[in-house]
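To start, the structure itself, in structure tokens.
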Amino acid sequence: MGKQFTISQVAKAADLPTTTVRYYERVGLVEPEDRSAGNYRLYSEESLRKLKFIRAAQAIGFTLDDVKALLSTTSSTAASCRDVQSLIEDRLAEVGRRLKDLRHVQRVLKSSLEKCQETEQADCCHVIETLRETAK
């Protein structure tokens, strides 16, 4: 049997908080392979590889649902590039939507800043007044 890690050891090796490893366990992404005599979770080198895979996939924009699909694809004998391409296309569409939203936020903030700079008053800020009106 290969090296086994406690949850804190595997978390540290994967550069994750232990709470994240526990969460991944709850949602079925990783599971301990064994328990110690003291009933501690024990994870294998394969679990460590999975955790690093999850981190890498999330770092490039995949969701945990995507990661589940990717993990099931990599473990199947008939891994399909078409399935992975579909996930990538979905993430790209989402990134495009988020960028559009962020560009809108950027335009609104720039406009607000310009108006603030033009009408700067010591006792009143038009942005705060506008937000208060919106909140009513």
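The values are calculated or read from the model by the stated rules, or taken from the named source; none is laboratory data. Computed from a prediction, not measured in an experiment: that's the story for all the values here. Positions of Cβ are generated from backbone atoms using ideal geometry, with glycine treated the same way; all protein chains shown enter the neighbour counts. Heavy atoms of the whole protein, side chains included, go into the accessibility calculation; ligands, DNA and RNA do not. Shrake-Rupley method; radii C 1.70, N 1.55, O 1.52, S 1.80 Å.
Some notes on this structure:
Each row is one residue, and each column tells you yes or no for (1) of a type in the set (S, T, N, Q); (2) under 18 Å from Q58 (Cα atoms); (3) open to solvent by less than 100 Å² (accessible area, probe 1.4 Å).
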position	(1), (2), (3)
E89	no, yes, no
K100	no, no, no
L109	no, no, no
C116	no, no, yes
E120	no, no, no
C124	no, no, yes
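- V30 vs. criteria under 20 Å from Q9 (Cα atoms) and open to solvent by less than 30 Å² (accessible area, probe 1.4 Å): yes
- The stretch 79-107: number of residues that are among the β-branched types (V, I, T) and either at pLDDT below 90 or outside any helix (DSSP H, G or I) (or both): 1
- Candidate set from the stretch 22-42 (those that are part of a helix (DSSP H, G or I) and of a type in the set (D, E, K, R)); member that is farthest from K68 (Cα to Cα): R22
- Odd one out for L51, checked against (1) hydrophobic (A, V, I, L, M, F, W, C); (2) within 15 Å of Q4 (Cβ to Cβ); (3) not in a helix (DSSP H, G or I): (3)
- Against the list (1) of a type in the set (V, I, T); (2) open to solvent by less than 40 Å² (accessible area, probe 1.4 Å); (3) under 15 Å from the mean Cα position of the chain (by Cα), the condition T63 fails is (2).
Residues are listed down the side, and each one gets a yes or a no for (1) over 29 Å from L99 (Cα atoms); (2) in contact (Cβ under 8 Å) with a residue 12 or more places away in the chain; (3) open to solvent by less than 90 Å² (accessible area, probe 1.4 Å):
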site	(1), (2), (3)
G2	yes, yes, yes
K12	yes, no, no
D15	no, yes, no
T18	yes, no, yes
R41	yes, yes, yes
S44	yes, yes, yes
R55	no, yes, no
K68	no, yes, yes
